[in-house]
Amino acid sequence: MDDLDLEKLRAPLPLPSYPEGFRSGFACFVGRPNVGKSTLMNALVGQKVAITSDRPQTTRRTVRGIVHRDDAQLIIVDTPGLHKPRTLLGERLDSLVRSTLVEVDVIAFCLPADEPIGRGDTYIARELAAQRDTPVVALVTKTDRTDRAGVTRQLMAVEQLGEWADIVPVSAQSGFQVDTVADVLCGHLPEGPPLYPDGDLTDEPDEMLVAELIREASLEGVRDELPHSIAVVVDEMAPRENSRPGRELVDIYASLYVERSSQKAIVIGAKGARLREVGSAARRQIEALLGTRVFLDLRVKVAKDWQRDPKQLRRLGFDQQT
């Protein structure tokens with residue numbers, strides 16, 4: 001998990017001139033697990049930069065997506081869902097979210113329209129009340145999953161939950177008010193030059209995006225308890241030598257780590273059928289990302305209790321102190 005290092009990113013790049021009144025800065029998406037943060041970020045960016053799943057705690061890192069506008073550049077920081085940690089990994093993710101909150105220009109608190117306000121939402125609202133120097137916008141997500149009366153009830157419930165700079169209902173799936181969310185968040189950014197070159201949609205390295213796409217494919221159709229135990233590492237990724245022009249190929253070798261041998265059997269499936277499905281689904285997404293053909297080799301390995309083992313966490317890329 002990379003530190004945000006926002007101060008370094010704020011150093012203006014040698015970019016073309018920008019219009020007077022141009023705004024740029026960072027917005028953090030926060031909320032309990034599975035409230036649509038990653039899906040909304042992808043909708044705002046206009047391209048998939050964060051994996052999504054109906055499994056809670058899909059996001060394990062801060063992922064940055066960049067929204068380019070004529071009048072602003074909005075960098076969205078998608079964070080893991082805040083929850084009561086039960087593992088060392090959970091503790092680190094929770095700490096990562098808290099450290100992000102104090103480094104951004106505006107916080108977007110996501111609450112789904114189709115679920116009642118719960119203890120998790122109330123807990124996060126109390127945490128955000130302490131962020132007195134940063135505006136907090138409440139986003140009522142997934143409005144497509146309920147009717148107008150349900151959205152109205154949720155808006156009223158959210159209004160009672162705390163003091164918000166703005167409250168905006170939105171649906172990433174239907175596109176309802178996605179542009180309005182961008183307008184509202186950009187309105188809370190400071191004036192300044194763009195921080196990323198035009199055309200950049202994320203600063204995530206390709207290897208990290210590939211690993212996340214493989215993990216996303218592996219989350220589909222597995223037992224409820226398994227997704228939290230899957231980690232993916234790209235061991236090697238390089239263009240294949242001597243590829244014919246127009247037939248370029250990228251070779252990718254990746255490892256899926258689980259915590260127990262029984263989980264390894266689930267991921268591989270009968271006679272390897274499940275792993276082949278994962279590979280096919282992931283390869284299609286990776287080829288779309290890289291714009292070239294891909295040879296994908298997946299291996300499943302056991303790293304016993306890796307979510308609770310500092311050494312294993314470090315080896316799997318979760319090595320930042322939090």
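Read-outs: derived from the displayed coordinates by stated rules, not from any lab. What you see is a predicted model; the values in this text were computed from it and never measured. As a convention, Cβ positions derive from the backbone with ideal geometry for all residues, glycine included, and neighbour counts pool all protein chains shown.
On a per residue basis, the convex hull of the C-alpha atoms belonging to segment 206-315 measures out at 99 Å³. For residue 148 paired with residue 311, estimate the spin-label separation in nm (one decimal), with each label point 7 Å from Cα along the Cα-to-Cβ line. Spacing of the two 7 Å Cα→Cβ label points: 6.2 nm. Taking every alpha-carbon pair under 8 Å whose residues sit at least 6 apart, segment 206-315 reaches a relative contact order of 29 percent.
Count the net charge of all other residues whose Cβ sits under 13 Å from the Cβ of residue 198, scoring Lys and Arg as +1 and Asp and Glu as -1.
Working: positive: 69; negative: 70, 200.
Once all neighbours under 13 Å are counted, the net charge is -1.
What is the local net charge at residue 260, summed over the other residues whose Cβ is closer than 10 Å to its Cβ (Lys, Arg +1; Asp, Glu -1)? It would help to have the intermediate numbers written out before the result.
On the way: positive: 264, 304; negative: 259, 305.
My count for the surroundings of residue 260 gives 0.
With K and R counted +1 and D and E -1, the other residues having a Cβ less than 11 Å from that of residue 68 yield a net charge of -3.
Taking a 28 Å limit on the Cα-Cα distance, which of the listed pairs 264/311; 37/311; 37/271; 271/301 fall beyond it? Provide the component values of the computation, followed by the final result.
Numbers: 264/311 20 Å; 37/311 30 Å; 37/271 36 Å; 271/301 16 Å.
Exceeds cut-off: 37/311; 37/271.
Centroid-to-centroid, using Cα positions, segment 250-295 and segment 145-183 are 37 Å apart. Cβ crowding within 10 Å, taken as a proxy for footprinting-reagent exposure, orders 124, 268, 76 from fewest neighbours to most as 268, 124, 76.
Karplus-derived 3J(HN,Hα) values for segment 189-196, using 6.51 cos²θ - 1.76 cosθ + 1.60 with θ = phi - 60°, are 8, x, 6, x, x, x, 9, 10 Hz; glycine and proline are entered as x.
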